[in-house]
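Encoded as structure tokens, the structure appears first; notes follow it.
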Amino acid sequence: MKYNCFCCITCLLVVGLNLLNAQTGKLKGSVKDSSEKPVEMATVYLSETRQSCTTNSKGDFLLENIPAGNYKLVVALLGYSTKSVRVSIHENETSEIGIHLSQNNNQLSEVTVTGKVSVCGMGHLGEVQDGVIYSGKKNEVIALDSLDANTAQNNPRQVLGRIPGANFSETEGGGFPSNGFALRGLNPTQSVEMDTRQNGYNIAGDIYGYPESYYLPPLEAIQRIEVIRGASSLQYGPQFGGVINYIVKDAPASKPFEFTTEQTMGSYGLYNSFNGFAGTLNKWSYYTFVQYEGTDGWRPNSQVRQAIGFGKLEYKAGDKFKIGLEYSLLRNALHMPGGLDDAQFNLNADQSFRSRNWLTTPWNIIALNSEYKASDHLLFTFKSALNLSQRNIVWRNEDGGPQAPDTLNRTTGNYAPREVEHEGFKSSTSELRLLAGYSIGSREQNLAAGVRVFDGIMNREEGGPGSTGSDLDLNLYGGTYDKNLTFYTFNVAPFVENTFHVGKRLSITPGFRFEYIRSQAIGYVTADTGAVLNVNNSKSRYIPLAGIGLQFKTSETTNVYANISQAYRPIEYSFLYPLGLDVNAKIDPNLKDISGYNADFGWRGSIRNYLNFDVGGFYMVRNNDIAIETLKDSSTYETNVASAVYAGAETYVELNITRLFSNSSKTGSLSIFNSFAYDHASYVNGIYKGNQAEFAPTVIDRVGLTYAYRTFSTTFLFSSTAKSFSDANNTVFSETAETGIIPSYQVMDWSASLKIKNYKLKIGINNLGNTSYFTIRTNEYPGPGIIPSMGRSFYLGFGASF
């Protein structure tokens, strides 16, 4: 059957390529500025294909061998407003078009992607976008339509692996599909060190007390992913890790209705169905999608059933004002197979000893986005998001580690009662920004200022007596919760940054942010002795943060950047209640906040249309760093351990080998990229001085090779990650497997796609060599113990757009 499937796929690819050869046309044109002067070195590309080129000294361009059909042509050059128009390509004909670009000195114009200079899959943001200044800051932009990737399963290596230093907690092998993401050796578990956003607003549980990400938008709906490193703290918030922002696709500007569908199937019963509807009618536009994902799971007891819905309605009143309303919904039922100890993992990584662990995370986010362009030099943006969500779990308690059996009691004939936990989130986050352009002498300057207001309530109920069954049952049986706490957080944070342009090449961007945070916890905690401890604690913090960035243009398409910015991470809600009074406490009741700073420097840009690069270094200091200690009795204890320093290099180089010698090739296009990060992360004082910081591999290296022929493309990716530790002690082995070494691993992925007019075919294999590895040890869900990463899996998808 596998052979027949392979033959069918091969025939489809061959037939598709023959069709492409038979139905192609050409597109030629010219690009000029507002004064009718030719624009040289502008990037011209068809967004639905991988075909692109640059304009010559006369502003002319030519794209050949384009399959007949309708496309969106995008023309971009740093310093000009990006232009996109619809074009029609006819069989055996040459279409002609003239494009005019307007200069964009203060970067206030509305754009699709600002400063995108990607040769294939990744570029970077321009000086400003959406009211935010990015001058002098390290950032990346990943365009999803230019990647071969397993978007149906949100494979992090294939999508985010191009970002140097990107590290992942791969939990899909533990029945939890939302893989975590982190940078520079920080904790990747559920992206707790990142400010996770969708269309510019927060989507995590609670941005201060519980910053875990459960909802992520399906990648089939994403236009691009923006990643801004630690220096983003002045405009986004005080986090060390930075920001990851998922930008959902826009409605087509010239169609009242468009239907898009993608159906994917694969190994272990995978079925993913994505269906989107979009259109524009006069001043109104809409985009909505529904996604369903189901899988039986790689390991036993790891079934996933999940549905995600999204709707966006936008009204645009002329060129000055637009307002939109968005709603995101997640409903799921996740079966978690539990963790393994080292011996179990080494014997058989895809086994499971838990059949009664379940998690559900109903998520609801309502967001209001508005933009008012008062003039060519003044822009206001306002984003407000209401989060009404939950996290519910019923499972066999983690006490005893993965070795503790979950078996029937011979006397009663029943399982032991499970534990029920519940977290409820109710929060609102509003951000008002202005971007003002003004002149000093003959030079344009940019001022960005604004304020964020957060008001959140989280209710945490733990230790509830659950059922003795095996199904998803969140009811309590014969008692109440051991812990019932309500947390309140109020935050106000004004900020200001200004880019001063000195001459034609140099810009200096100083900035300041002030954080006021008030936290309170009310409720009770039951100690091991049975005593009930009432809790009513509160704490206020006043945190000033400052920073400065520099950027120097070495050419029209390259620049040198450098920045340093203070950072701060408030500790989570756990510090507000007295776990230290519990005999088996795992968290220090006197935890202190983490403070420090981030610094970046590097050189980035593109050379013609064949080389894209970003080569630099970083230096990060975290004082009072919180880490996990392993005590003499092998239990774990989370506390402030020392100051940690993270220093290293991050490089991304992407070379289109074919375009190096010719702008057009009848044999296709061959490109290669390398994403490399070296991170020396260690504690510099305290009892762990000299130890490697946990979750911090010394080297993360990924190499990808892509071949594209017209609308056919295939990518091979090799990923290598060095070993790391899961605790500050640098424990190599523990009986519970909650702490210990995370060995180095190497993984290969292959994927391909083919587009024929309005249709698309996708195929790929994840973990091609069936490597046995893991990225996470945990003392809680979805463990405890080792959570194995998924073995080799296959997927095949079909898509269409009408």
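Using the Kirkwood radius built from alpha carbon pairs, what does the Stokes-Einstein equation give as D for the stretch 219-275 at 25 °C and 0.890 mPa s, in µm² per second? All intermediate terms of the calculation are to be shown ahead of the outcome.
On the way: Rh = 14.6 Å.
In µm²/s, the coefficient is 168.
Report the local net charge at Trp395: Lys and Arg +1, Asp and Glu -1, summed over other residues whose C-beta lies under 9 Å from its C-beta. Don't skip to the end; give the middle numbers.
On the way: positive: Arg354, Arg356, Arg396, Arg418; negative: Glu398, Glu419, Glu421.
Here the count lands on +1.
Is there a pair in Lys72/Lys373; Lys249/Lys666; Lys26/Lys58; Lys255/Lys316; Lys37/Lys504 whose C-alpha atoms are over 23 Å apart, and which pairs would that be?
Values: Lys72/Lys373 26 Å; Lys249/Lys666 32 Å; Lys26/Lys58 19 Å; Lys255/Lys316 16 Å; Lys37/Lys504 20 Å.
Cα-Cα > 23 Å for Lys72/Lys373; Lys249/Lys666; rest within.
Which trypsin sites (Lys or Arg not before Pro) from the stretch 469-534 combine a DSSP loop assignment with at most 13 other Cβ atoms within 10 Å? Before the final figure, lay out each step's value.
On the way: sites: Lys483, Lys504, Arg505, Arg513, Arg518; in loops: Lys504, Arg505.
Within the stretch 469-534, the qualifying trypsin sites (Lys or Arg not before Pro) (loop, at most 13 other Cβ atoms within 10 Å) are Lys504, Arg505.
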**Message:** Can you compute 3J(HN,Hα) from phi for each residue in the stretch 252-261, using the Karplus curve 6.51 cos²θ - 1.76 cosθ + 1.60 with θ = phi - 60°, rounded to whole Hz and x for Gly and Pro?
**Reply:** x, 6, 10, 10, x, 8, 9, 10, 10, 9
**Message:** Loop only by DSSP, 15 or fewer other Cβ within 10 Å of the Cβ. Give me the trypsin sites (Lys or Arg not before Pro) in the stretch 281-363 that pass, ordered by residue number.
**Reply:** Lys283, Lys320
**Nonlocal amide H pairs with Gly200, under 5 Å, H built at 1.01 Å** = Tyr246
**Message:** Need one number: nm distance between label points at Phe718 and Val453, each 7 Å from Cα along Cα→Cβ, rounded to one decimal.
**Reply:** 5.5
**Message:** Using a 1.4 Å probe on the protein heavy atoms, what percent of the accessible area of the stretch 432-482 belongs to carbon and sulfur?
**Reply:** 55
**Message:** Using only the Cα atoms of the stretch 447-520, what are the Rg and Dmax in Å?
**Reply:** 23.9, 74
**Asked** If Lys and Arg each add +1 and Asp and Glu each add -1, what is the summed charge of the other residues whose beta carbon sits under 10 Å from the beta carbon of Pro544?
**Response** 0
**Asked** At q = 0.12, 0.22, 0.24, 0.26 Å⁻¹, what log₁₀ I(q)/I(0) does a Debye calculation on the Cα points of the stretch 401-474 give, no solvent, two decimals?
**Response** -0.63, -1.04, -1.11, -1.17
**Request:** Skip the ligands, DNA and RNA, and give the accessible area per residue of the stretch 639-701 with a 1.4 Å probe, whole Å².
**Result:** 42
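Ranked highest first by average number of other Cβ atoms within 10 Å, how do 398-408, 54-64 line up?
Numbers: 398-408: 14.8, 54-64: 17.5.
In decreasing order of mean packing, 398-408, 54-64 become 54-64, 398-408.
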**Asked** Sorted by accessible area with a 1.4 angstrom probe, largest first, how do Trp298, Trp363, Trp284 fall?
**Response** Trp284, Trp298, Trp363
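Rolling a 1.4 angstrom probe over the protein heavy atoms, how many square angstrom per residue are accessible across the stretch 312-388? Show your work: numbers first, answer last.
Working: 3250 Å² over 77 residues.
The answer is 42 Å² per residue.
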**Item:** Evaluated over the stretch 434-577, the Cα radius of gyration and Dmax, each in Å
**Value:** 24.8, 76
**Prompt:** How large is ³J(HN,Hα), in whole Hz, for each residue of the stretch 675-682 in order, when computed from phi with the Karplus curve 6.51 cos²θ - 1.76 cosθ + 1.60 and θ = phi - 60°, using x for Gly and Pro?
**Reply:** 10, 10, 9, 10, 9, 9, 10, 8
**Prompt:** In sequence order, what are the phi-derived ³J(HN,Hα) couplings for the stretch 278-294 according to the Karplus relation 6.51 cos²θ - 1.76 cosθ + 1.60 with θ = phi - 60°, rounded to whole Hz, with x for glycine and proline?
**Reply:** 7, x, 9, 9, 6, 8, 9, 9, 8, 8, 9, 8, 9, 10, 10, 10, x
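So what are the stretch 232-357's ellipsoid semi-axes, whole angstrom, largest first, if each one is the square root of 5 times an eigenvalue of the alpha-carbon gyration tensor?
Details: eigenvalues 319, 94, 25 Å².
In descending order the semi-axes read 40, 22, 11 Å.
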**Cleavage-rule hits (GluC sites (Glu not before Pro)) in the stretch 653-738: DSSP loop, at most 14 neighbouring Cβ within 10 angstrom** = Glu735
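Summarise the long-distance tail of P(r) for the stretch 318-441 by giving the % of C-alpha pairs beyond 22 Å. Walk me through the intermediate numbers first.
Values: 4698 of 7626 pairs.
Of the Cα pairs, 62 percent sit more than 22 Å apart.
So what's the net charge close to Gly180: Lys and Arg +1, Asp and Glu -1, counting the other residues with Cβ under 12 Å from its Cβ? List each step's numbers first, then the result.
Values: positive: none; negative: Glu170, Glu172, Glu193, Glu212.
Combined, the nearby Lys, Arg, Asp and Glu give -4.
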**Prompt:** Helix 2-22 versus the longest principal axis of the chain: what angle, 0 to 90°, nearest 10, using Cα atoms?
**Reply:** 20
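Just subtract the alpha-carbon distance of Arg86 and Ser57 from 0.36 nm times their residue separation and send over the number in nm, one decimal.
Details: separation 29, 0.36 × 29 = 10.44 nm, distance 2.45 nm.
Here the answer is 8.0 nm.
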**Asked** Across bins of 10 angstrom width beginning at 0, how are the C-alpha pair distances of the chain distributed, in whole percent?
**Response** 2, 13, 24, 27, 20, 10, 4, 1, 0
**Asked** Using helices alone, what [θ] at 222 nm do you get for the chain, with -39,500 (n - 2.57) per DSSP H run of 4 or more residues, divided over all residues and rounded to the nearest 500?
**Response** -1500 deg cm²/dmol
**Item:** With every protein chain in place, the stretch 221-320: carbon and sulfur % of accessible area (1.4 Å)
**Value:** 61
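Assuming a viscosity of 1.306 mPa s and a temperature of 10 °C, what translational diffusion coefficient in µm² per second does Stokes-Einstein assign to the stretch 637-742, Rh being the Kirkwood radius over Cα pairs?
Numbers: Rh = 16.8 Å.
Here the translational diffusion coefficient equals 95 µm²/s.
The values are calculated or read from the model by the stated rules, or taken from the named source; none is laboratory data. What you see is a predicted model, and the numbers here were worked out from it, not measured in a lab. Note that we place each Cβ from the backbone using ideal geometry, even for glycine, and neighbour counts take in every protein chain shown. Ligands, DNA and RNA are excluded from the accessible area calculation, which covers all protein heavy atoms including side chains. Shrake-Rupley method; radii C 1.70, N 1.55, O 1.52, S 1.80 Å.
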